[in-house]
Ligand SMILES: Cc1ncc(COP(=O)(O)O)c(C=O)c1O
């Protein structure tokens, strides 16, 4: 369990049941955390915040003084950065960018583009001529560099990589970007996002290998590459929240790496590890169901708002704020067994927030506060999925008086 700080607790207790669930962000804690991360990093390392982790304009504004820029992956995220009022460079990354988004990003003066496929390269080159005339657009191809078995994960294992160009075609890609084929584009360096929930030592080893690969690529092709973006994926340990990413050790390692490569600007783009700790998802117990072998405390809301337990397959750290008195005339449901599973209102196997935890005495009406809920919490991560408009419904009705859509 993690006990929320007093200000967070007081705010949650002041909310009426109709205001639950709520997300509560501790902006002072966010500022302090971001400042300590920034202080741990050498000056020569740039930090861009990955907006997809939490794109609320208030969060972006608080992070403004501590980051060198924002990494966005959709037009909606660009809107959020604009709403935050912070004027900082913006890198456009992310998979499967649409022509409309690229054109819009070009017109909005986005600083760099991470190119994830050869098709995207052709598309960007074509669009740049029309939407950024007279400007050379900075490009960092994202390479799907080989990590043993795929994307490095928090338990040291690996999963299938998700994105990026084939490194075997790297010489061809850099050739296209330097032989005059695409005069509207300027090859700046390399991007690689290879980690997901990885701690400092392993992350540093990744950074070293990405830099070494980039240096070799440049030497082989007789080029000067100026930038290496080593992505995000710094660990947030939901099972052991006290085990935080060691930014001091990481910063020292990056300082050594930067000193060995004075020609390169190193950039990182963390998301989760910056914002997760400063957000809380607050709700209440609606009911307690007594199954044949287990008690279930049903939480108002659930996975519809707090996706991280399902996507990360972990228990979300939680705590209880007891609420007295029980305002109703009927009996108050209570967890009778020593342990219970906390589910959301969908109450399906996908809607489990915490499994089999000590919860004896937990009652309907008690507030439940989930911590580490400042990143990737919603299924529509902070409206980023506005990028994917809701599919429309089309009701086909052969023989009747026509089809309907809404
Ligand atoms: C390219 C890229 N950069 C940065 C991030 C941020 O990752 P995290 O929030 O784990 O630090 C992601 C997340 O998926 C990503 O795909």
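The values are calculated or read from the model by the stated rules, or taken from the named source; none is laboratory data. Source: prediction; values computed, not measured. Note that we place each Cβ from the backbone using ideal geometry, even for glycine, and neighbour counts take in every protein chain shown.
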Give me the strands (runs of 3 or more DSSP E) completely within region 140-239, filtered to those with at least 1 residues that are modelled with pLDDT of 95 or more, ordered by residue number.
185-187, 189-191, 227-229
Test: residue in region 74-90 that is within 13 Å of the ligand (Cβ to nearest atom) and closer than 29 Å to residue 257 by Cα:
no
Taking region 330-354 and keeping residues outside any loop (DSSP other than H, G, I, E, B) and either out of contact with any helix residue (DSSP H, G or I) (no Cβ under 9 Å at 6 or more places or on another chain) or at pLDDT below 95 (or both) leaves 334, 339, 340, 341, 342, 343
Within region 245-256, which residues are touching a helix residue (DSSP H, G or I) at 6+ places or on another chain (Cβ under 6 Å) and without any contact (Cβ under 8 Å) to a residue 60 or more places away in the chain?
245, 246, 249, 253
Looking at region 256-277 only, could you name the residues that are away from the ligand (no atom under 14 Å from the Cβ), part of a helix (DSSP H, G or I) and in contact with a strand residue (DSSP E or B) (Cβ under 8 Å, 6 or more places away or on another chain)?
257, 258
Across region 92-138, what is the number of residues that are within 15 Å of the ligand (Cβ to nearest atom) and outside any loop (DSSP other than H, G, I, E, B)?
6
Scan region 56-66 and tell me whether some residue there is assigned to a helix (DSSP H, G or I) and within 18 Å of residue 320 (Cα to Cα).
no
Starting from region 212-239, keep only residues that are in contact (Cβ under 8 Å) with a residue 60 or more places away in the chain, then list their pairs with residues that are assigned to a strand (DSSP E or B) and away from the ligand (no atom under 16 Å from the Cβ) whose Cβ atoms are within a distance under 7 Å, requiring at least 6 positions of separation or different chains.
227/265
